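Quick note: the coordinates plus some simple rules give every number you see, no bench work behind them. Here the structure is a predicted model, which is why all the values come from computation and not from measurement. Here Cβ is always computed from backbone atoms with ideal geometry, including for glycine, and neighbour counts include all displayed protein chains.
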Amino acid sequence: MKTLSLKLNDTIFGETEKILSDTKQSRNGYINEAIKFYNRVQKRRILEKMLITESKLVKKDSLEVLKEFEEVDYAN
């Protein structure tokens, strides 16, 4: 485990402390869970950007292949 020093906005700290007292959860566990969740969100955003970029790269080639398939005479 790594030890961190963390500065929180007073409002965020107050909200967090209220939630912690209501849920009886440790501050450390709560922050770890929050960061784990946020990491998953960020990974999805990164993947989405990557897929959009790669999709744009192959779009022209994909359209050309589709056009070639449309021109194939399947009657023979």
Seminar exercise, completed: How many residues of region 1-31 are charged (D, E, K, R) and part of a helix (DSSP H, G or I)? The answer is 6
For this session: Please go through region 24-76 and pick out each residue that is charged (D, E, K, R) and over 30 Å from L4 (Cβ atoms).
Result: E54, K56, K59, K60, D61, E64, K67, E68, E70, E71, D73
For this session: Return the total of residues in region 28-40 being surrounded by 12 or more Cβ atoms within 10 Å (Cβ to Cβ) and of a type in the set (A, V, I, L, M).
Result: 1
Exercise. Can you tell me how many residues in region 27-42 are of a type in the set (F, W, Y) and touching a helix residue (DSSP H, G or I) at 6+ places or on another chain (Cβ under 7 Å)?
Worked result: 1
Problem set entry | All positions within region 10-27 that are loosely packed, with under 10 Cβ neighbours inside 10 Å and within 24 Å of the chain's Cα centre (by Cα) | I12
